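Data first, discussion second: the structure below is written as structure tokens.
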Amino acid sequence: MKLKEYDIYVIEGESICKYSTGMFPKRELTVGTVGTDIMVRTPSVSKQHLQIRFGENGVSFADLGSSNGSFLFTGKGFFQLERLKYFGGRQGKNLVMLGNAVMLLVVLSHGKDYVRMPVQMGLSIGRSTNCSIVLDHVGVSRNHAQIVPAEGGNMILRPIGKNGSFVNGKELDGVHQLKDGDYIQILNYSFVYFGNSVIYRDVAVGSGLEVYHLLKKVKGKGGKKKIILNDVSLKIESNDFVAIIGGSGSGKTTLMNAISGFDDKLTGGAVFYNGIDLLENFETLKSVIGYVPQQDIIYENLTLRKMLHYTLKLKSGDELTKEEMNRKIDKVLEIVELTQHQHTYIRKLSGGQKKRASIAVELLGDPSLFFLDEPTSGLDPGTEAHLMQSLQKLAKNESKTVILVTHNTQNLDLCDKVIFMGAGGKICFCGNIEDAKQYFKTDDLIKIYEEISERPDYWSEKYKKTFSFSGSSAKPQKSKPTRGVNYFRQFGVLTIRYAELIKNDMARLILLFAQPVVMGFLMFFVARAQVYDYYEDAKSIFFVMSCAAIWLGVFNSIQEVCKERVILKREYMGNVKIPVYILSKYLIQIIIALVQAAIMLLTFMLTIGLPDIEPFIFPSTFMDMFFVLFMTIFTSAALGLVISSFVKSSDRAMAIAPFALIVQLLFSGILFSLSGFTEVLSFFTVSRWSMEAFGNLMDLNNMKLVLQDAYPQIAHSVESMFVHSQPRYWLSIAMMGIMIFLLMMISMVSLRNISKNDR
């Protein structure tokens with residue numbers, strides 16, 4: 001196996017000198033002042049001071065008995081290396097202090113050098129071109145951090161941006177007094193403070209992961225604990241292209257969810273992203289993590305460019321200008337090779353193109369860690385091979401660390417590492433495909449599948465003996481609360497996107513506004529000529545109108561959440577707020593309800609006519625009836641959104657719809673006389689309050705019965721729900737308003753746990 005190339009930077013006094021492993025024929029290099037591969041001049045450094053070893057599993061260091069010691073950065077700080085005892089460094093970025101005068105920075109070669117910038121007068125870091133150090137990443141604030149002089153000649157780091165700054169693996173909550181060797185990280189950019197200077201590279205690179213003793217237990221049958229992730233440890237280097245494979249139930253997706261930070265319910269273990277505890281700092285780091293689930297995370301009724309435009313607006317908040325957004329979208333389209341399809345509706349793309357479109361959505365956040373759950377599922381062999389080649393290019397050319405779950409074995413030779421998972425969540429091997437064949441003593445990957453299925457314990461124990469790990473096995477800490485979000489901007493983006501989705505679905509749009517016309521004409525066909533002359537006829541026609549309005553409202557919204565649940569889940573993990581999302585749905589549903597109420601009532605007025613009564617609340621009878629009809633449709637739409645929030649598919653939502661409508665009929669108080677418990681149930685139906693408002697407006701209690709024409713002596717008993725009074729009318733409207741509010745709260749609460757649903 002060809003070992004990866006590393007660059008070694010020696011920072012000594014005011015000089016910075018670069019070496020490369022490609023300059024040496026060997027993979028063990030010595031550092032010192034006399035007769036060593038890498039020479040330094042500082043007197044405090046010993047003649048033979050440090051040895052660096054480069055291997056398949058990264059870089060390790062050992063002190064050679066120096067006088068002033070060697071100190072390795074661990075992510076949490078520095079510790080002293082022991083004589084001739086090798087200790088593994090961090091993935092991709094290794095920092096060693098020789099005494100207190102010389103620093104070594106060992107990094108994977110990526111084409112662009114680290115540079116040094118003095119900070120005596122202070123400097124600024126951010127995305128703005130006015131900053132001293134410019135970092136071109138959507139997750140970096142325009143003015144992200146400052147290094148400024150403090151009293152006593154010291155320098156302090158002051159975080160400004162909302163996406164976090166880390167020093168020595170710990171997120172800063174306030175200013176930090178810098179000292180030599182401090183390791184600063186902003187997203188996937190790294191800086192080292194040394195000698196009143198920062199050593200940095202302004203190009204983001206992929207990120208390494210170190211995984212220690214991951215354990216996850218869930219409740220099994222009979223309440224017994226079942227292990228689905230069993231003491232998994234591994235290392236993934238920067239810019240690796242990694243596949244996780246194994247049989248069904250081997251914990252592939254569970255492992256990916258754990259190392260991506262999206263599973264905070266682990267029983268034990270730790271995951272480190274460039275030396276930072278990923279689970280503890282997930283809310284800050286999630287902007288550099290891309291996750292593409294198995295289902296497409298794209299809207300079919302948007303053009304590809306529009307989809308990317310709305311997604312980028314949600315990801316960037318108000319940080320990007322229009323020009324910056326267009327450049328970002330153009331770059332992503334070029335990466336996924338879909339530039340020629342940017343104005344094509346997503347529903348017209350092929351399966352492979354849709355998968356690349358989903359990848360493009362995640363690339364907008366410029367993640368350094370990129371996870372994909374079975375991206376090749378359902379693709380033909382040719383399309384699968386092309387996608388795997390694209391993902392390999394993504395890792396190598398775009399500086400991403402790409403990790404995917406797959407069942408397919410045809411193109412695993414493209415991967416830098418393959419992780420084989422056995423039954424019970426046991427890791428059986430982690431390495432390149434050629435090493436895997438030697439490890440399992442077979443060239444047939446199908447036989448490897450059979451081996452790890454039949455003997456997972458044997459291979460897991462062999463792996464643990466072959467690869468030694470050290471690290472935390474403590475229960476992971478939950479991530480910190482999400483940082484601030486511009487709610488108004490997010491609401492605007494979600495609302496405009498929802499409106500465009502409806503506009504672009506012409507068949508559904510026609511159906512939305514044709515239904516009230518059809519319902520108005522159907523009511524005309526069944527209404528008697530003197531429909532407003534008799535109590536029975538008037539009550540029946542208004543009950544039909546209420547039922548029609550409830551039907552419209554429920555079916556307006558009952559699929560609106562569940563059909564985009566996968567997209568919502570991913571966007572929620574990326575900081576979309578559930579209350580804002582629901583409110584955006586409500587605003588568009590208000591507009592739809594207003595238009596539908598107007599269309600239905602106009603059709604009703606033109607065919608049947610309006611009752612000849614004095615206006616009761618508003619200046620006209622039309623407005624009186626319109627307001628009740630609108631409230632009925634909108635309250636029913638809120639009911640539909642609740643159903644859509646609870647179920648996970650459109651099919652289930654449509655199966656529940658008839659039950660919801662039958663409840664409205666049975667407990668309306670119109671078809672059956674209700675009392676006791678059934679009357680209490682009626683208070684929770686839209687139909688009850690809609691009919692009460694209509695009956696109140698029409699003064700149904702004062703209309704004569706049909707039988708009174710023949711038998712005038714028959715008395716018309718007064719019904720309490722049809723009392724003709726403004727307080728009673730406003731009570732009915734208020735009850736529908738309360739129902740809307742409660743249903744909105746229920747929708748929001750039901751979606752709060754969407755990130756914990758099975759993927």
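Observations on the model:
- Taken as a whole, the condition of being open to solvent by 20 Å² or more (accessible area, probe 1.4 Å) and of a type in the set (S, T, N, Q) does not apply to residue 284.
- Filter pass, residue 739 being open to solvent by less than 50 Å² (accessible area, probe 1.4 Å), at pLDDT below 85 and either hydrophobic (A, V, I, L, M, F, W, C) or within 26 Å of residue 553 (Cα to Cα) (or both): no
- Criterion applied to 511, 501, 552, 494 was being modelled with pLDDT of 90 or more, within 30 Å of residue 307 (Cα to Cα), open to solvent by 40 Å² or more (accessible area, probe 1.4 Å) and not hydroxyl-bearing (Ser, Thr, Tyr), and the one residue passing it is 511.
- When residues of region 1-34 are limited to those that are more than 41 Å from the chain's Cα centre (by Cα) and part of a loop (DSSP other than H, G, I, E, B), the one nearest to residue 434 (Cα to Cα): 27
- Residue in region 181-188 that is over 28 Å from the mean Cα position of the chain (by Cα) and touching a residue at least 40 places away in the same chain (Cβ under 8 Å) present: yes
- Any hit, region 151-166, residues being of a type in the set (A, V, I, L, M) and under 29 Å from residue 402 (Cα atoms): no
- Of all residues in region 254-273 being touching a Lys or Arg at 6+ places or on another chain (Cβ under 6 Å) and either of a type in the set (Gly, Ala, Ser) or open to solvent by 10 Å² or more (accessible area, probe 1.4 Å) (or both), the one that is modelled with the lowest pLDDT: 264
- Taken over region 644-658, the residue count meeting the criterion of being charged (D, E, K, R) and free of Cβ contacts under 8 Å to residues at least 60 places away in the same chain is 1.
- Taken over region 527-567, the criterion of being outside any helix (DSSP H, G or I) and under 30 Å from residue 300 (Cβ atoms) is satisfied by 558, 559, 560, 561.
- Only one of the numbered conditions (1) in contact (Cβ under 8 Å) with a residue 24 or more places away in the chain; (2) open to solvent by 60 Å² or more (accessible area, probe 1.4 Å) is not met by residue 61, and that is (2).
- Answer residue from region 288-336, given it is of a type in the set (Lys, Arg) and closer than 22 Å to residue 569 by Cβ and is surrounded by the most Cβ atoms within 10 Å (Cβ to Cβ) among those: 315
- Considering residues of region 314-338 that are part of a loop (DSSP other than H, G, I, E, B) and among the aliphatic types (A, V, I, L, M) only, the residue nearest to residue 394 (Cα to Cα): 336
- Region 607-638: number of residues that are among the small types (Gly, Ala, Ser) and part of a helix (DSSP H, G or I): 3
- Options 665, 661, 641; residue that is part of a helix (DSSP H, G or I), in contact (Cβ under 8 Å) with a residue 24 or more places away in the chain and open to solvent by 40 Å² or more (accessible area, probe 1.4 Å): 665
- Test: residue in region 531-541 that is more than 21 Å from residue 644 (Cα to Cα), without any contact (Cβ under 8 Å) to a residue 40 or more places away in the chain and of a type in the set (A, V, I, L, M, F, W, C): no
- Per the conditions (1) open to solvent by 20 Å² or more (accessible area, probe 1.4 Å); (2) modelled with pLDDT of 85 or more; (3) more than 24 Å from residue 401 (Cβ to Cβ); (4) not in a loop (DSSP other than H, G, I, E, B), the sole criterion not satisfied by residue 442 is (4).
- Residue 242 open to solvent by less than 10 Å² (accessible area, probe 1.4 Å), in a strand (DSSP E or B), β-branched (Val, Ile, Thr) and over 23 Å from residue 168 (Cα atoms): yes
- Check on residue 385, among the hydrophobic types (A, V, I, L, M, F, W, C) and touching an Asp or Glu at 6+ places or on another chain (Cβ under 7 Å): no
- Some residue of region 568-586 being among the aromatic types (Phe, Trp, Tyr), open to solvent by 30 Å² or more (accessible area, probe 1.4 Å), touching a residue at least 24 places away in the same chain (Cβ under 8 Å) and not in a helix (DSSP H, G or I): no
- Residue within region 451-464 that is in contact with a Phe, Trp or Tyr (Cβ under 8 Å, 6 or more places away or on another chain), open to solvent by less than 60 Å² (accessible area, probe 1.4 Å) and touching a residue at least 40 places away in the same chain (Cβ under 8 Å) present: yes
- Here 79, 71 are screened, and the one residue that is open to solvent by 40 Å² or more (accessible area, probe 1.4 Å) and in contact (Cβ under 8 Å) with a residue 12 or more places away in the chain is 71.
- Residue satisfying condition, being outside any loop (DSSP other than H, G, I, E, B) and either in contact with a strand residue (DSSP E or B) (Cβ under 6 Å, 6 or more places away or on another chain) or hydrophobic (A, V, I, L, M, F, W, C) (or both), within set 311, 253: 253
- Where residue 524 falls short, out of the listed (1) open to solvent by 30 Å² or more (accessible area, probe 1.4 Å); (2) in a helix (DSSP H, G or I); (3) modelled with pLDDT of 90 or more; (4) in contact with a Ser or Thr (Cβ under 6 Å, 6 or more places away or on another chain): (3)
- Residue count for region 116-173, restricted to those that are more than 26 Å from residue 365 (Cβ to Cβ), touching a residue at least 60 places away in the same chain (Cβ under 8 Å) and of a type in the set (Val, Ile, Thr): 1
- Only residues that are at pLDDT 85 or above and either buried (at least 24 other Cβ atoms within 10 Å of the Cβ) or in a loop (DSSP other than H, G, I, E, B) (or both) were counted across region 218-233, and they come to 2.
- Answer residue from region 194-217, given it is among the basic types (Lys, Arg) and either outside any strand (DSSP E or B) or out of contact with any Asp or Glu (no Cβ under 8 Å at 6 or more places or on another chain) (or both) and is surrounded by the most Cβ atoms within 10 Å (Cβ to Cβ) among those: 201
- Of all residues in region 166-193, those satisfying the criterion of being outside any strand (DSSP E or B) and either more than 17 Å from residue 132 (Cβ to Cβ) or modelled with pLDDT under 85 (or both) are 168, 169, 172, 173, 174, 175, 179, 180, 181, 187, 188.
The values are calculated or read from the model by the stated rules, or taken from the named source; none is laboratory data. On a predicted model such as this, the values are computed, not experimentally measured, just so you know. Ideal geometry is used to build each Cβ from the backbone, glycine not excepted, and the neighbour counts take in all protein chains shown. Ligands, DNA and RNA are stripped out before the accessible areas are found, and what is left, the full protein with its side chains, is counted by its heavy atoms. Shrake-Rupley method; radii C 1.70, N 1.55, O 1.52, S 1.80 Å.
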